[in-house]
Amino acid sequence: MSRFRGCLIGALVGDCFGKPFEETGKTTIESVKKFVDNVEAEKSKKNAKILHYTDDTEMRLSVEASLLKHKGFDAQDMAKRFAKEYFASKIYRNYGGHVTKIFSDWSSKHLEDVFLPARQQFNGAGSYGNGGGMRIAPAALFMYNENSQKLKELTDKITQLTHTHNLGILGAYLQAQAIHLVLNTTESPFPTERFLDKLIETMIYYEEEAFGKSYSQKHQKLKVIKEFLDEPDVDKRKIIHKLGNNVTALGSVPTSIYSFLRALSDIDGLKERNAFERTVIYAISLGGDTDTIATMAGAIAGAYWGEEAIPITWQQNCEGLALTQKHASSLYEYANK
Ligand code: 8NA
Ligand code: MG
Ligand code: MG
Ligand code: MG
């Protein structure tokens, strides 16, 4: 239960804490730490300002509500919830540049096939944005006791409502599979080598299925992660260059996985912080699409370290905490019944 809750609360705080830094271009460990210090001080005051979540969380909450309501995937219902939340929200949630066109299509036309607008994006290529990966954590919880093929099928469907490019779909799966593996790992210290080997093995399999043998970018990035973890301190520019920090799935999911693994060890400037805190602060410090990289890294870290590792002050400063907690508990009950 602690890990189910840690996963979704980790996703929430990553999004809420990452949002103020999104594409600001001046993130460092120092600046993120200062922000976190302020958040922690705020909470003790009355009328502390709540940190709002963004599209990442808004869509994740819809995935959870729909899976729980229908005890599985229901395309029409999930699409309806995505669009309803988007149009109802009075807060600007920073949605991706193109995905909202799909919500408009769902609302303005009667569609027999809810997957059609997504297939039509980008002249038929489909989106390879990280919008699939950013909301996929509940799929890993829902499929906790199932095998990776079942998880792949569910992840594909949830993602394809908005993202049909193979890179967008595989990115979401990589993120889901990372959470799934971590959730099922009780060893300490964390078995990094085995975790990465398993991810590489599954990604090679699905990449070959999607693209043929010659094309396998995601698992290559996982190999880069292995190399980086063998070096004492990898320069931030090199990480951004090799792994990415942008709105594409390929340019952000491997970075979230790296952030979790890097934060298993001490990080300069973060000696006072636990491994969950290090993961989120480090992920944000890499800049770019900070809310999304931190939400994905936070979900993985929370699934390993559990709810107790996430400071209460962090949790209580986030909009959407109560609903996130409720969904996590319900998913736990569903998956373990
Ligand atoms: P999306 O499907 O609109 O994709 C995001 C962006 O990726 C698009 O707007 C395009 O620029 C680009 N893109 C995706 N597929 C293609 C393609 N086939 N050809 C050319 N360009 C392509 O939205 P999404 O749901 O994937 O977006 C998720 C991200 O947007 C998240 O990070 C979320 O937080 C949000 N967001 C990010 C930023 C940022 O700049 N970091 C700003 C606002 C919102
Ligand atoms: Mg966002
Ligand atoms: Mg090694
Ligand atoms: Mg983002």
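Just the Kirkwood number for the range 149-199, please: inverse of mean 1/r across all distinct Cα pairs, in Å, one decimal. Write out the running numbers ahead of the final one.
On the way: mean 1/r = 0.0848 Å⁻¹.
Kirkwood radius, the range 149-199: 11.8 Å.
Based on the alpha-carbon gyration tensor of the range 44-176 and its eigenvalue square roots a ≥ b ≥ c, which shape applies: rounded if a/c is under 1.5, prolate if not and a/b is larger than b/c, or oblate?
On the way: a/c = 1.59, a/b = 1.17, b/c = 1.36.
Oblate, because a/c is 1.5 or more while a/b does not exceed b/c.
State the Cα centre-to-centre distance between the range 87-121 and the range 290-323 in whole Å.
Their Cα centres are 27 Å away from one another.
I want to check the label-to-label distance for K49 and S188. Put each point 7 Å from Cα in the C-beta direction and report it in nm to one decimal.
Going from the K49 label point to the S188 one covers 3.7 nm.
Output the relative contact order of the chain, whole-number percent, from Cα pairs under 8 angstrom with separation of 6+ residues. Please report the intermediate quantities before stating the final value.
Values: 581 pairs, mean separation 122.7, N = 337.
Worked out over the chain, it gives 36 percent.
Which of the trypsin sites (Lys or Arg not before Pro) across the range 90-143 are loop residues per DSSP, with 11 or fewer other Cβ within 10 Å? Mind dumping the intermediate values first?
Details: sites: K90, R93, K101, K109, R119, R135; in loops: K90, R93, K109.
Sparse-neighbourhood loop trypsin sites (Lys or Arg not before Pro): K90, K109.
Okay, helix-only estimate at 222 nm for the chain: each DSSP H run of n ≥ 4 adds -39500 (n - 2.57), divide by all residues, round to 500 deg cm²/dmol; what do you get?
Working: 17 runs with 213 residues, N = 337.
Value at 222 nm, helices only: -20000 deg cm²/dmol.
Over all alpha-carbon pairs of the range 251-337, lay out the pair-distance distribution in 10 Å bins, whole %, shortest bin first.
17, 46, 30, 6, 0
Quick one: in the range 2-335, what % of C-alpha pairs are over 26 Å apart? Before the final figure, lay out the partial values.
Details: 23127 of 55611 pairs.
In whole percent, the share of Cα-Cα pairs in the range 2-335 beyond 26 Å is 42.
Would you please give the FRET efficiency between A322 and A75, computed as 1/(1 + (r/R0)^6) with r the Cβ-Cβ distance and R0 = 35 Å, to the nearest 0.05? Walk me through the intermediate numbers first.
Numbers: r = 28 Å, r/R0 = 0.79.
So the FRET efficiency works out to roughly 0.80.
Going through the DSSP H helices of the chain, which span 18 Å or more along their own axis at the Cα atoms while scoring at least 1.0 as a mean Kyte-Doolittle hydropathy?
Numbers: long enough: 2-18 (23 Å, 0.81); 29-44 (23 Å, -0.57); 55-70 (22 Å, -0.54); 75-88 (19 Å, -0.67); 166-183 (25 Å, 1.21); 192-211 (27 Å, -0.38); 217-230 (20 Å, -0.98); 290-305 (21 Å, 0.71); 321-335 (21 Å, -0.15).
Helices meeting the span and hydropathy rule in the chain are 166-183.
Read-outs: derived from the displayed coordinates by stated rules, not from any lab. As the structure is a computational prediction, the values presented were derived from the model and not from experiment. We place every Cβ from the backbone using ideal geometry, glycine too, and count neighbours over all the protein chains shown.
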